[in-house]
Each structure stands twice: as structure tokens, then as C-alpha cells.
């Protein structure tokens, strides 16, 4: 009788353990799925933010290039103006205007 009772208890404990393990596995899978979904959502969000940042960087780079070219152009014009002033002074001296 005791042997049969132990055997029955072992059988029930085994079934209960299997049921608990299945439930734990189900919950782990659900949790993993939720975490993966959340990671994917954040990944998409961060990709969009990264694209926006890259667009801004492109705008800043273009603005820098334009400003640099403008500065070079102004510098060249100032040098050209200085050269012209010197040439005018030389011509004025030769003509006797100065």
C-alpha cells in the first residue's frame, strides 16, 4: 500500500513538475518575445533619430563649405582690391595726380 502511494505521489509530482515547467517555458518565451519586440521598436526609433542626425550633419557640413568658400572669395577680393589700389597709386604717381 505504501509503495503504491509513493508511486502515485511520484506520478502526480512528475505531472505537476512537467506542467510547471511547460508554464515556465511558455512565460519565458512570452517574455523573450516581448523583449525582442521592444528592442526592435527602440532600434527603429534610434535608426530614425540617426538618419535625422546625419541629415543635420550634412546641412552643417554644406554650410561650413559655403562659409569657407565665401571667406576664401572675400579674402581673394580684398587682395585683388589691395593690388588694384597699389597699381592705381603707381599710375597716379607716374601721371602726377598724387
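Where a number appears in this text, it was derived from the coordinates with a stated rule and is not lab data. Values in this document were obtained by computation on a predicted structure and should not be read as measured data.
Against the longest principal axis of the chain, how steep is helix 2-95, in degrees 0 to 90 to the nearest 10, with axes from Cα atoms?
0 degrees
Using the alpha-carbon centroid of each, what span in Å lies between the range 75-98 and the range 1-71?
A separation of 74 Å, based on Cα centres.
Tell me the label only: which of [x] 92; [y] 83; [z] 114 is volume of the Cα convex hull per residue in Å³ as calculated from this structure?
After the calculation, the listed value that fits is [y].
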